[in-house]
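Asks: This structure is in structure tokens; I'll ask about it shortly.
The values are calculated or read from the model by the stated rules, or taken from the named source; none is laboratory data. Please read these numbers as outputs of a predicted model, since none were measured by experiment. Note that we place each Cβ from the backbone using ideal geometry, even for glycine, and neighbour counts take in every protein chain shown. Ligands, DNA and RNA are excluded from the accessible area calculation, which covers all protein heavy atoms including side chains. Shrake-Rupley method; radii C 1.70, N 1.55, O 1.52, S 1.80 Å.
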Amino acid sequence: KSNRFNLNDFMANDDVSVADNNSEVVADPTAMAVIRVPENIDFAMNADFNELLFEKMAFRNVNGKLVIKNGKVDMKNLSLETMGGRIVVNGFYNAPVNVKPEFNASLNLSDIVFAQAYKELDVVQKLAPIFSGLTGTFSGNMNINTKLDETMSPEVQSLQGSGMLVTKDISLDGVKVIQDVADILQKPSLKNTRVKDLKLEFTIKDGRVHTKPFDIKLDDYKMTLSGSTGLDQTVDYRGTITIPESLGKV
């Protein structure tokens, strides 16, 4: 139990060296590296942290059970507040000495803010840049399995996952494809569209996020989209727009 626990203190790597101003190689005590889990530790703990710091993220009201054994940390109903909402984690972090770290977990998400997820998670910036233009929150669940690099960030090409996101009310003001559709249909009012009750199912594989077909209602129009976004910042989406007969042909 702790009011404030900083995981970054456990990521300092004295073995990492850099060159100083005289080109001499010296140890860099602030360099960040993988948090290793010693294989000779075997115990269970009930965690209760008011604040937990990890890299640039701050988690609050962290509580749940952690079982540490054989170089692995099992998380059981680990609940934490972050990015404006709450996440419950069940899974494991595996990082014995000389093995590339692995994170495998199921996540239950509640009222996460799109803008904060984009700002705080590098993997979201890479695989879901559309988050930067969305206003509102989302809930849902996802399963992920990924290797981690030397800075404890997901290796995007190894990331595999699936899940579903649900939103109650989001603004699409900053989404370019919606702006383009509004221009094509000559309906400027569509640029200020708010979407209610959107359900989005997705899979993550080979550096791309694939979404199943989903519907967006834009005033009297219905747009059905599906496709993928990639690590290389490419977007490959296809869609159809259903126009009410009363509006005639566009």
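Asks: Compute the FRET efficiency between E51 and Q157 as 1/(1 + (r/R0)^6), taking r as their Cβ-Cβ distance and R0 = 25 Å, and round to the nearest 0.05. Please list the in-between numbers first.
Replies: Working: r = 33 Å, r/R0 = 1.31.
My answer for the efficiency is 0.15.
Asks: Assign unit charges at the C-beta atoms only (+1 for Lys and Arg, -1 for Asp and Glu), then state the dipole size of the chain relative to its Cα centre in Debye, rounded to the nearest 20. Show your work: numbers first, answer last.
Replies: On the way: 28 positive and 33 negative charges, 224 e Å.
Taking the Cα centre of the chain as origin, the dipole is about 1080 debye.
Asks: How long are the semi-axes of the ellipsoid equivalent to the range 120-161, from square roots of 5 times the Cα gyration tensor eigenvalues, in whole Å, largest first? Each step should come with its number before you reach the end.
Replies: Details: eigenvalues 88, 35, 15 Å².
Equivalent-ellipsoid dimensions as semi-axes: 21, 13, 9 Å.
Asks: For the range 80-182, what is the accessible area per residue in Å² when the probe is 1.4 Å? Display every interim value, and only then the final one.
Replies: On the way: 4490 Å² over 103 residues.
Per residue, the range 80-182 has 44 Å² of solvent-accessible surface.
Asks: Once Rh is set to the Kirkwood radius over Cα pairs, what Stokes-Einstein translational diffusion coefficient, in µm²/s, holds for the range 48-116 at a temperature of 10 °C and a viscosity of 1.306 mPa s?
Replies: Numbers: Rh = 12.9 Å.
After rounding, the answer is 123 µm²/s.
Asks: Same structure again: Taking trypsin sites (Lys or Arg not before Pro) as exposed when DSSP calls them loop (any state but H, G, I, E, B) and at most 16 other Cβ atoms lie within 10 Å, what is the longest stretch of the chain free of them, the sites themselves excluded?
Replies: Values: sites that count: K1, R4, R36, K56, K249.
Within the chain, the longest run free of exposed trypsin sites (Lys or Arg not before Pro) spans 57-248.
Asks: Taking a ≥ b ≥ c as the square roots of the Cα gyration tensor eigenvalues, with a/c under 1.5 meaning rounded and otherwise prolate when a/b beats b/c, else oblate, which class fits the range 98-203? It would help to have the intermediate numbers written out before the result.
Replies: On the way: a/c = 2.79, a/b = 2.09, b/c = 1.33.
Here the range 98-203 falls in the prolate category.
Asks: Which pairs, out of K56/K100; K119/K212; K65/K212; K168/K222; K69/K100, put more than 27 Å between their alpha-carbon atoms?
Replies: Violating the 27 Å Cα-Cα cut-off are K65/K212.
Asks: For the range 86-231, which whole-number percentage of the solvent-accessible area (1.4 Å probe, protein heavy atoms only) is attributable to carbon and sulfur atoms? Before the final figure, lay out the partial values.
Replies: Values: 3850 of 7200 Å².
Carbon-and-sulfur percentage of accessible area, whole number: 54.
Asks: Put a dot 7 Å past each Cα toward the Cβ at N104 and N90; how far apart are the dots in nm?
Replies: Modelled inter-label distance: 1.6 nm.
Asks: Convex hull volume of the Cα atoms in the chain, per residue, in Å³? It would help to have the intermediate numbers written out before the result.
Replies: On the way: hull volume 37.1 nm³, N = 250.
Convex hull volume per residue, Cα atoms: 149 Å³.
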